[in-house]
1. Once the Cβ-Cβ distance between GLU91 and ARG260 is put in as r, and R0 is 41 Å, what FRET efficiency do you end up with, to the nearest 0.05?
2. Could you give each residue of the stretch 73-82 its phi-based ³J(HN,Hα) in whole Hz, using Karplus coefficients 6.51, -1.76, 1.60 with θ = phi - 60°, and x for Gly or Pro?
3. What is the fewest-to-most order of THR226, THR49 by other Cβ atoms lying within 10 Å of their Cβ?
4. Restricting the count to DSSP beta bridges whose residues both fall in the stretch 125-260, what percent are antiparallel, rounded to a multiple of 5?
5. Restricting the count to DSSP beta bridges whose residues both fall in the chain, what percent are antiparallel, rounded to a multiple of 5?
6. Give LYS95/LYS230; LYS219/LYS262; LYS95/LYS150; LYS229/LYS262; LYS193/LYS229 a once-over and call out the pairs whose C-alpha atoms are over 30 Å from each other.
7. When the helix-only estimate is applied to the chain (DSSP H runs of n ≥ 4, each -39,500 (n - 2.57), divided by the residue count), what is the mean residue ellipticity at 222 nm, nearest 500 deg cm²/dmol?
8. By the gyration tensor of its Cα atoms, with a ≥ b ≥ c the square roots of the eigenvalues, what is the shape of the stretch 125-260: rounded for a/c under 1.5, prolate for a/b over b/c, or oblate?
Amino acid sequence: MIVRKDFLNKLKDFGLNSYESKLWLALLSRGVSSAGELSDISNVPRSRTYDVLETLEKKGFIITKVGKPLKYIAIPPQEVVERVKNNVLLEADEKKNMLDQIKGTPLMEELTSLHTDGIKLIDPTDKTGAFRGRDRVYEHLHTMLKNAQKSIVIMTTADGLVRKNDAFLAPLKKAHKRGVEIKIAAALGKNAKEYAELSQFASLKHTNKDARFVIVDGKEMVLMITDDKKVHHNYDCAVWIDAPYFVDYFQALFNEDWGRMKE
């Protein structure tokens, strides 16, 4: 049985390795088959075939047929997708519960203590980092916004404002409820409906500048160093800086521009 490599790679989304994918596809093509026949069709070594078929059965992809010789029955792909989806949700829920239980435990207290003591030893010039890929940048921004105590400043493009409205509406709303002042500068007007809710609790002003950065509490910032119109989101790059002396300069520049921007 000849199967394209790219097709096999797609089956990784089902949580299958190479041998599992080949045997499952072979069984799908036969409906019912023995281990020996599946080994011959899929080119999976016979010494591994039974173990892999047993794993597929545990994962809910196949059924072992009663009787001799031992044979296997393929489960319809539609049913397999539902089973995989349910398993993913169940595993995610179990991991979430496990992580929730760690909060407030001696383990978390010890980890926090180690981090707190370690931060005290860090030279201010070391508290910088770089991110590649918009998803990683947004992960860090989410943490910054969640921990904001006094102020949040966002300067972005028109498209960037829409993205940030989708990604950070909830944490920004929570920050506003904590009393955090939120200022956002962007090229407004093109997609007003898409950030209407954001404008209810954040001060928005129009700017033609294409700078992209986020400043939290005047001491920590993320500065995007690529043009979002010209770069794929996987290659969008940013620098994180936790240096109040440096960030305060950017904050001062923003405050000057803010006074000249249109509501």
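Any read-out appearing in this document is the output of simple, stated calculations on the displayed coordinates, not a laboratory observation. Here the structure is a predicted model, which is why all the values come from computation and not from measurement. Virtual Cβ from ideal backbone geometry, glycine too; neighbours counted across all protein chains shown.
1. Values: r = 52 Å, r/R0 = 1.28.
After rounding to 0.05, the efficiency reads 0.20.
2. Along the stretch 73-82, the couplings run 10, 7, 8, x, x, 4, 5, 4, 4, 5 Hz.
3. Details: THR226 15, THR49 22.
In order of increasing Cβ crowding within 10 Å: THR226, THR49.
4. On the way: 18 of 27 bridges.
Rounded to the nearest five, the antiparallel share is 65 percent.
5. On the way: 26 of 35 bridges.
Antiparallel bridges: around 75 percent, rounded to the nearest 5.
6. Numbers: LYS95/LYS230 38 Å; LYS219/LYS262 26 Å; LYS95/LYS150 33 Å; LYS229/LYS262 24 Å; LYS193/LYS229 21 Å.
Violating the 30 Å limit, Cα to Cα: LYS95/LYS230; LYS95/LYS150.
7. Here the helix-only value at 222 nm equals -16500 deg cm²/dmol.
8. Details: a/c = 1.30, a/b = 1.09, b/c = 1.20.
Judged from the Cα gyration tensor, the stretch 125-260 comes out rounded (a/c under 1.5).
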